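Asks: Take a look at this one; I'll ask things after.
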Amino acid sequence: MSALSDHASSPLSFAALVSLLEKIFLRHGTSAEVARALAENCAGAERDGAHSHGVFRIPGYVSTLQSGWVNGQAVPTVEDVASGFVRVDAGNGFAQPALAAARPLLVAKARSAGIAVLAIRNSHHFAALWPDVEPFAYEGLVALSVVNSMTCVVPHGADRPLFGTNPIAFAAPRADGEPIVFDLATSAIAHGDVQIAARKGESLPPGMGVDSLGQPTCDPKAILEGGALLPFGGHKGSALSMMVELLAAALTGGNFSFEFDWHNHPGAKTPWTGQLLIVIDPSKAAGQNFAERSQELVRQMHGVGLRRLPGDRRHSERSKSNAQGITLDEQTLAQLRELAGL
Ligand SMILES: NC(=O)C1=CN([C@@H]2O[C@H](COP(=O)(O)OP(=O)(O)OC[C@H]3O[C@@H](n4cnc5c(N)ncnc54)[C@H](OP(=O)(O)O)[C@@H]3O)[C@@H](O)[C@H]2O)C=CC1
Ligand SMILES: O=C(O)C1=NCCCC1
């Protein structure tokens with residue numbers, strides 16, 4: 001659901017887009033809490049120009065809810081297991097409400113112990129990961145999160161897919177400016193971007209994936225229809241993807257990317273896996289103020305000619321959307337309104 005036509009809609013405010021998406025989720029059986037969490041997440045991605053995980057994902061959420069694969073009414077169970085460890089069973093629901101439910105305890109533990117871990121299992125994550133970490137940095141905390149997805153990436157040196165696209169997101173406060181945030185798939189390209197390229201009839205750059213015979217291809221359809229993705233950076237991205245499987249699944253009690261089978265749920269799109277978050281209170285660290293130190297690093301990076309930090313593009317898209325509204329193409333907006341029953 002992206003760039004289906006060239007005709008732009010009238011701009012929507014962020015609140016109007018959240019409200020429209022909320023109606024879609026409610027109409028397809030989620031609780032009010034889940035609808036709000038997913039609508040804010042998805043509208044935030046669209047507002048920030050993170051199109052692979054913005055409104056493009058809405059039909060996938062809807063078909064998944066219709067398939068019965070995920071529980072849109074799940075109430076997460078939060079367990080206080082140790083001074084620096086919180087566990088959540090998401091109850092076969094979405095990961096974002098599970099994080100929201102555990103957040104106050106996680107932050108309290110991070111502030112008292114200096115570091116705290118949140119292990120979410122039995123959860124579905126179908127979204128961009130930066131919305132899960134960025135808010136911690138606005139509160140002066142450092143956050144790192146990983147989530148595993150579904151088998152579609154060939155480990156470096158292997159001949160068949162095993163890993164998910166397994167993103168890693170990091171956020172840190174800085175003294176003078178937006179937090180430093182990066183969020184990247186450990187595959188050479190996110191699965192969502194392959195779907196968007198296929199829909200637009202565009203080729204991919206070399207090195208992104210292989211076809212059903214394991215041969216390199218730039219054709220997104222060949223990757224989606226029996227082919228697979230490659231890790232970014234060869235053995236290095238592959239090692240990070242392996243780490244994500246270990247932290248997001250083995251450590252949380254969730255499924256590895258290859259462990260769930262959604263074949264009995266036609267229409268299911270959301271990986272049923274796990275997620276790990278680590279939150280650090282930098283005020284507990286020795287020495288200087290962390291936010292000043294991160295600002296100094298940014299200053300030095302700019303000093304050597306760096307013009308774009310990770311997150312800069314998103315923030316400029318966010319400023320533009322906040323000033324001018326969020327524009328969808330007309331066909332996409334019509335589809336969203338139909339899904340909302342309007
Ligand atoms: N839920 C799930 O299971 C999965 C979710 N995803 C999501 O897909 C999204 C897209 O991932 P991916 O395609 O890897 O992201 P990108 O490759 O587009 O970007 C990765 C990071 O690098 C930054 N960046 C990109 N280009 C530059 C540049 N030229 N200079 C400096 N920084 C740069 C981006 O910042 P900026 O944003 O400002 O451009 C971003 O922080 C992520 O949000 C991820 O969480 C991916 C896989 C699975
Ligand atoms: O783009 C991706 O890669 C994914 N996004 C949502 C969950 C599945 C993988």
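Only the coordinates and a few stated rules stand behind these numbers; no lab work does. It should be emphasised that the depicted structure is a prediction, and the values quoted were computed from it without experimental measurement. Virtual Cβ from ideal backbone geometry, glycine too; neighbours counted across all protein chains shown.
Asks: Restricting to Cα pairs below 8 Å that are 6+ residues apart, what does the relative contact order work out to for the stretch 217-342? Please round to a whole percent.
Replies: Details: 43 pairs, mean separation 15.5, N = 126.
Once divided by the residue count of the stretch 217-342, the mean separation gives 12 percent.
Asks: Which FRET efficiency value, to the nearest 0.05, do you get for residue 79 and residue 261 by plugging their Cβ-Cβ distance into 1/(1 + (r/R0)^6) with R0 = 30 Å?
Replies: Numbers: r = 27 Å, r/R0 = 0.90.
In this case the efficiency is close to 0.65.
Asks: Let me ask you something else. Give a quick list of trypsin sites (Lys or Arg not before Pro) in the stretch 230-333 that DSSP marks as loop, anything other than H, G, I, E or B, with at most 12 other Cβ atoms within 10 Å.
Replies: For trypsin sites (Lys or Arg not before Pro) across the stretch 230-333 that sit outside H, G, I, E and B with at most 12 neighbouring Cβ atoms in 10 Å, the list reads 307, 308.
Asks: Could you give the spread of the C-alpha atoms of the stretch 1-61 along their three principal axes, from largest to smallest, in whole angstroms?
Replies: Extents along the principal axes, in whole Å: 34, 22, 18.
Asks: Using the count of nearby Cβ atoms within 10 Å as a rough guide to exposure, how do 152, 42, 218 rank from fewest to most? The partial results should precede the final answer.
Replies: On the way: 152 21, 42 29, 218 15.
With the sparsest Cβ surroundings first, the list reads 218, 152, 42.
Asks: To continue, here is another question. Just to confirm a number: summing +1 for Lys and Arg and -1 for Asp and Glu over residues other than residue 325 whose beta-carbon lies under 15 angstrom from that of residue 325, what do you get? Spell out each step's value before the answer.
Replies: Values: positive: 47, 318, 320; negative: 46, 48, 317, 329, 330.
Overall, the nearby charge balance is -2.
Asks: Would you mind ranking 196, 58 so that the residue whose beta carbon has the fewest other beta carbons within 10 Å leads the list?
Replies: Values: 196 18, 58 24.
By the 10 Å Cβ count, ascending: 196, 58.
Asks: Continuing with the same structure: Would you work out the relative contact order for the stretch 113-242, in percent, from Cα pairs under 8 angstrom that are 6 or more residues apart?
Replies: Details: 266 pairs, mean separation 27.9, N = 130.
Answer for the stretch 113-242 is 21 percent.
Asks: Cross-link partners among lysines for residue 284, C-alpha distance below 16 Å, same-chain residues fewer than 8 apart left out?
Replies: 109
Asks: Related question: When a footprinting reagent is the concern and you count Cβ atoms within 10 Å, what order do 326, 278 take, fewest first? Kindly include the intermediate steps, with their values, before the conclusion.
Replies: Values: 326 22, 278 19.
Exposure proxy ranking, most exposed first: 278, 326.
Asks: Only helical DSSP H runs with n ≥ 4 go in: add -39500 (n - 2.57) per run for the chain, normalise by residue count and round the 222 nm mean residue ellipticity to 500 deg cm²/dmol. Spell out each step's value before the answer.
Replies: Values: 11 runs with 131 residues, N = 342.
-12000 deg cm²/dmol, from helical runs alone.
Asks: Of all DSSP beta bridges located in the stretch 49-131, what percent are antiparallel, nearest 5?
Replies: On the way: 5 of 12 bridges.
Of those bridges, close to 40 percent are antiparallel.
Asks: Would you mind checking the radius of gyration and Dmax of the chain based on alpha-carbon positions, in Å?
Replies: In Å, with Rg to one decimal and Dmax whole: 19.8, 57.
Asks: Looking at the chain only, what percent of DSSP beta bridges run antiparallel? Nearest 5 please. Numbers along the way, then the final one.
Replies: On the way: 36 of 44 bridges.
Percent antiparallel among DSSP bridges in the chain is about 80.
Asks: Same structure, new question: Taking Rh as the Kirkwood radius computed over C-alpha pairs, what is the Stokes-Einstein D of the stretch 147-244 at 10 °C in a medium of viscosity 1.306 mPa s, expressed in µm² per second? Each step should come with its number before you reach the end.
Replies: Numbers: Rh = 13.8 Å.
Rounded, D is 115 µm²/s.
Asks: So for the stretch 225-303, what percent of the C-alpha to C-alpha distances run longer than 19 Å? The partial results should precede the final answer.
Replies: Values: 1974 of 3081 pairs.
Across the stretch 225-303, Cα pairs with separations above 19 Å total 64 percent.
Asks: Something else: Could you calculate the contour length gain from residue 218 to residue 10, that is, 0.36 nm times the residue separation minus the distance between their Cα atoms, to one decimal place in nm? Display every interim value, and only then the final one.
Replies: Numbers: separation 208, 0.36 × 208 = 74.88 nm, distance 3.50 nm.
Between residue 218 and residue 10, full extension yields an extra 71.4 nm.
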